[in-house]
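Peer 1: The structure under discussion is supplied below as structure tokens; questions concerning it will follow.
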Amino acid sequence: MQLPPREKDKLRIAMAAEVARKRLARGVKLNHPEAIALLAASPTLAHLDPAAHGSFAAGFTHPVFGLDHFLAMVALGLRPPLAAGAAVLDALALFHGHAHGAEMGGATALAYPGGFALATALLHGAGVLAGWAMARFGGAFVARASGALVAGAGAVLVLAG
């Protein structure tokens, strides 16, 4: 069977992540490549089925357990966007929200978005609190390092596909 290069890369990451999971289960400390493979292979879309798990629970867990959402929402709280960036962010959020509305399925129209909004507010609040703590105690280096970590994690998620 011939796989495209991207699929081969995904398979390699999944295999490395499986090795890392087994090592972690045995209590072995992971090295950096294993930790990155484990992060990259974790599901970026960690959604509960609204019909099976309840509308509010599915909405609430969506941003919390989806690493892509978690990073974006905490990072946004770290440093709220400037006016020009806010307009672009609002346009992207509109389309992103429409996509979530379409996947809502059998969920009720108030419970699913209510859970989603509450989790989003809590994650933004955590980011604002972390941003305040970094500004107060960590300085510019810590803020830049956290931004680099979020960008790096985002790049891993994008490349993991």
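The values are calculated or read from the model by the stated rules, or taken from the named source; none is laboratory data. Note that the structure is a prediction, hence the values are computed from the model and not measured. Ideal geometry is used to build each Cβ from the backbone, glycine not excepted, and the neighbour counts take in all protein chains shown. Accessible surface areas use protein heavy atoms only, side chains included; no ligands, DNA or RNA. Shrake-Rupley method; radii C 1.70, N 1.55, O 1.52, S 1.80 Å.
Peer 1: Within segment 111-127, can one find any residue that is of a type in the set (A, V, I, L, M, F, W, C), modelled with pLDDT under 80 and open to solvent by less than 80 Å² (accessible area, probe 1.4 Å)?
Peer 2: No, segment 111-127 has no match at all.
Peer 1: A further question follows. Inside segment 49-68, can you point out the residues that are open to solvent by 70 Å² or more (accessible area, probe 1.4 Å) and at pLDDT 80 or above?
Peer 2: If the condition is that a residue be open to solvent by 70 Å² or more (accessible area, probe 1.4 Å) and at pLDDT 80 or above, then Phe56 is the only one that fits.
Peer 1: Just to be sure before I move on: is Val28 over 25 Å from Val158 (Cβ atoms), open to solvent by 40 Å² or more (accessible area, probe 1.4 Å) and either at pLDDT below 70 or out of contact with any His (no Cβ under 9 Å at 6 or more places or on another chain) (or both) in the structure I sent?
Peer 2: yes
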